[in-house]
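Asks: Before we start, here is the structure in question, set down as structure tokens.
Read-outs throughout are calculated quantities, based only on the coordinates presented, and are distinct from any laboratory measurement. What you see is a predicted model; the values in this text were computed from it and never measured. For neighbour counting, all protein chains shown are included, and Cβ atoms are generated from backbone atoms with ideal geometry for every residue, glycine included.
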């Protein structure tokens, strides 16, 4: 329902959409992201349930490496409709923050930054949330070792997963 | 000659920095809050977390779908069965399978017992933190019975791992239903007793009324779910709004508060305990014999006697253990109403044996993120009351 509204009001903004087991997903370009969120808010999707990310290290779309999906889950409290909004970003690219509009985005974005290393432009306090300040690397990236690698930098922090640098 | 070194007071002004936690009796888990105080008033509160971060989501990427179940126990360890149920529901949604009726009923039954156990911890311990020890003791006797029931059903009191993908790992044993019946009667009485001790108690009222108030709009903006959201006046309960496991067939009410303060959160939780008892009553009345796990050996292990006697069952057993289930490619988000609020699992499958990405949406993380605005300008004693009413469980917060 809401997807048709988005399509009618912002034609061409939905790059990809699919429905699986009743879950609606749309993919929008980063440039239009804030406008889509604005529109969703007007359509009654005022509850930002979750922000997370998925790492696809090898993925390329149209010749461009786009490593991450940033995934937003929305809920419409009146109609109980859910919507998944995805934005693809490449390594090192930053997302616009939602923390000024949705207070719940504050910690969720910090968590995504901590675990994936995706920065959020305009975030008031973009610090690590779950790991400590000089933790090397971002644990939920696929190239981060499962055993944790060398988190205390005992070996002089030459871990391959962080280009040999402290985060 | 006058020293140029500044005293502590000159450096910090009149502020005092107090570390609450990481191991403090009122934080109930390894939470760490740095409080800046002016006298008794909180000027700044900075929650620090991650002391219990085990990387559950990372571990899940290298475990099969079944093997992840024990990790869900350790999320909200006060009501671990509800996490088992929430996770199993998410994988079943991904697989697109329906579980047998009896399995659904038993899942509802144990979930509601777990909800009561969780609310008992929250209400009881909140009261202890504020100084009312007695209510805690009356309630904790009932929690003991609830844990006895879990032990009967799952063989474990705390880390239950009761569900399997497609149902439950075994049926409830003989003696479970009579004990549950007894629990219904005794818990009702204990909740009454707790209400007599607290609800009209002037000290409890003074300590909780008007502390940590939040409006409905603010609560939604902060991402509140569960009793804390309902206390703010939003009647959002996934059991009613987006029913799962046949919750639409049970009769129960969703209590809501008005101001969202600690007192309302307490009232909502107490009423939810009563409503959960109502649901348990209805489940016990309609419990019918039947299978508790799907009859599909591509998903659930075949019974042992078949494995030992039949070729196909042996092959199915081997295939399931060695290669795992055949998962479709896709992504699902499945949410259940846990004791604290919306517990969501977001699973991305690439068709492999292990999930490609598994995300746990903990209900208490968004609630806890509002802690500073909730306690700012209040007294330090009120911070303890607010923290207790938020029911922050570190295992779930840090994952």
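Asks: Within the group B:380, B:321, which residue is surrounded by fewer than 24 Cβ atoms within 10 Å (Cβ to Cβ), touching a strand residue (DSSP E or B) at 6+ places or on another chain (Cβ under 7 Å) and away from chain A (no Cβ under 12 Å)?
Replies: Criteria check complete, one pass: B:380.
Asks: In addition: Could you look through segment B:292-318, keep only residues that are assigned to a loop (DSSP other than H, G, I, E, B) and in contact with a strand residue (DSSP E or B) (Cβ under 7 Å, 6 or more places away or on another chain), and pick out the one that is farthest from the other protein chains (Cβ to nearest Cβ)?
Replies: B:292
Asks: Whether any residue in segment B:372-380 is under 20 Å from the mean Cα position of the chain (by Cα) and not in a loop (DSSP other than H, G, I, E, B) is what I want to check.
Replies: So far as segment B:372-380 goes, no, none of its residues is under 20 Å from the mean Cα position of the chain (by Cα) and not in a loop (DSSP other than H, G, I, E, B).
Asks: Answer yes or no as to whether residue B:153 is within 14 Å of chain A (Cβ to nearest Cβ), touching a strand residue (DSSP E or B) at 6+ places or on another chain (Cβ under 9 Å) and crowded, with 19+ Cβ neighbours inside 10 Å.
Replies: So residue B:153 does not fit the description; no.
Asks: Ok, one more. Sort through B:230, B:274 and tell me the only one that's in contact with a helix residue (DSSP H, G or I) (Cβ under 7 Å, 6 or more places away or on another chain) and over 28 Å from residue A:102 (Cα atoms).
Replies: Exactly one residue qualifies, and that residue is B:274.
Asks: Would you check if residue A:106 is buried (at least 19 other Cβ atoms within 10 Å of the Cβ), out of contact with any strand residue (DSSP E or B) (no Cβ under 7 Å at 6 or more places or on another chain) and at negative phi?
Replies: Yes, satisfied.
Asks: Could you tell me how many of the residues in segment A:44-74 are under 17 Å from the mean Cα position of the chain (by Cα), under 17 Å from residue B:217 (Cα atoms) and facing chain B (nearest Cβ under 9 Å)?
Replies: 3
Asks: Give B:98, B:57 a once-over and let me know the one that is within 14 Å of chain A (Cβ to nearest Cβ), surrounded by fewer than 22 Cβ atoms within 10 Å (Cβ to Cβ), touching a helix residue (DSSP H, G or I) at 6+ places or on another chain (Cβ under 9 Å) and under 23 Å from residue B:289 (Cβ atoms).
Replies: B:98
Asks: Residue under question is residue B:148, and the condition is that it be in a helix (DSSP H, G or I) and under 21 Å from the mean Cα position of the chain (by Cα); does it hold?
Replies: The answer is yes for residue B:148.
Asks: Could I ask something else about it? Look at segment A:95-111 and say how many of its residues are facing another protein chain (nearest Cβ under 7 Å), assigned to a loop (DSSP other than H, G, I, E, B) and free of Cβ contacts under 8 Å to residues at least 40 places away in the same chain.
Replies: Final tally of qualifying residues: 1.
Asks: Output the helices (runs of 4 or more DSSP H) that fall wholly within segment B:225-286 and possess 3 or more residues being over 20 Å from the mean Cα position of the chain (by Cα) and surrounded by fewer than 22 Cβ atoms within 10 Å (Cβ to Cβ), or say none.
Replies: B:262-286
Asks: For segment B:205-221, what are the residues that are out of contact with any helix residue (DSSP H, G or I) (no Cβ under 6 Å at 6 or more places or on another chain) and either within 13 Å of another protein chain (Cβ to nearest Cβ) or in contact (Cβ under 8 Å) with a residue 12 or more places away in the chain (or both)?
Replies: B:205, B:210, B:213, B:214, B:215, B:216, B:217, B:218, B:220, B:221
Asks: Those residues that are part of a loop (DSSP other than H, G, I, E, B) and either away from chain A (no Cβ under 14 Å) or over 14 Å from the mean Cα position of the chain (by Cα) (or both), I need them from segment B:383-399; list them, please.
Replies: Result: B:391, B:393.
Asks: Can we say residue A:122 is more than 30 Å from residue B:372 (Cβ to Cβ) and more than 8 Å from every other protein chain (Cβ to nearest Cβ)?
Replies: no
Asks: Can you tell me how many residues within segment B:335-364 are more than 9 Å from chain A (Cβ to nearest Cβ) and in a strand (DSSP E or B)?
Replies: 9
Asks: Given B:51, B:87, which one is assigned to a helix (DSSP H, G or I) and touching a strand residue (DSSP E or B) at 6+ places or on another chain (Cβ under 8 Å)?
Replies: One residue alone meets the criteria, B:87.
Asks: OK, next. In segment A:3-38, which residues are in a helix (DSSP H, G or I) and within 14 Å of another protein chain (Cβ to nearest Cβ)?
Replies: Listed by number, the list holds a single entry, A:37.
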